[in-house]
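The values are calculated or read from the model by the stated rules, or taken from the named source; none is laboratory data. This structure is a prediction, so every number in the text was calculated from the model and none was measured. We work out accessible area using only protein heavy atoms, side chains counted, and drop any ligands, DNA or RNA first. Shrake-Rupley method; radii C 1.70, N 1.55, O 1.52, S 1.80 Å.
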Amino acid sequence: MADNCIFCKIIKGDIPAMKVFENEKTLAFLDINPLSYGHTLVIPKHHGRTLTDIPDDSLADLLPIAAKVARATGAEQYNILQNNGRLAHQQVDHVHIHVIPKPTEQEGLGISWPQQQSDKAKLQQVLEELKAKI
């Protein structure tokens, strides 16, 4: 855990949180600045700034628990969001998944999706590079 991390302080109990779920590796709690009713954060107890900083065994629960939270909200429509780095809109340097119910057009997460044009040759190049690195 990191001494200056707000989420690590929540995990340790130094800062109170409205806990929705907790086990030995994962914690889910209500966002204090929610975008909608039921907006919840799901975090690994292992500290890491980005997804690639977290060991696989600490990542294993994140999506199953996010799915349970989504079901618990009763929302038929919702966003599951995980940001890595400031350019990707990450505000807290501890991996976290947002479960954000989207009950109306006005509530929840608003997204702009600036698509880029690509051709088959460029996509093939990207495919080959990624496969070689995985």
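Scanning the range 62-78 for residues that are acidic (D, E) and within 13 Å of F29 (Cα to Cα) yields a count of 0.
Residue-wise test of (1) among the acidic types (D, E); (2) within 17 Å of A75 (Cα to Cα).
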{"position": "Q90", "(1), (2)": "no, no"}
{"position": "H94", "(1), (2)": "no, no"}
{"position": "I100", "(1), (2)": "no, yes"}
{"position": "P103", "(1), (2)": "no, yes"}
{"position": "S112", "(1), (2)": "no, no"}
{"position": "Q116", "(1), (2)": "no, no"}
{"position": "Q125", "(1), (2)": "no, no"}
{"position": "E129", "(1), (2)": "yes, no"}
{"position": "A132", "(1), (2)": "no, no"}
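Tally time: how many residues in the range 79-111 are of a type in the set (S, T, Y) and within 15 Å of L30 (Cα to Cα)? Counting residues in the range 79-111 that are of a type in the set (S, T, Y) and within 15 Å of L30 (Cα to Cα) gives 0.
Take the range 116-134 and flag every residue that is assigned to a loop (DSSP other than H, G, I, E, B), open to solvent by 100 Å² or more (accessible area, probe 1.4 Å) and not aliphatic (A, V, I, L, M). Within the range 116-134, Q116, Q117 meet the criteria.
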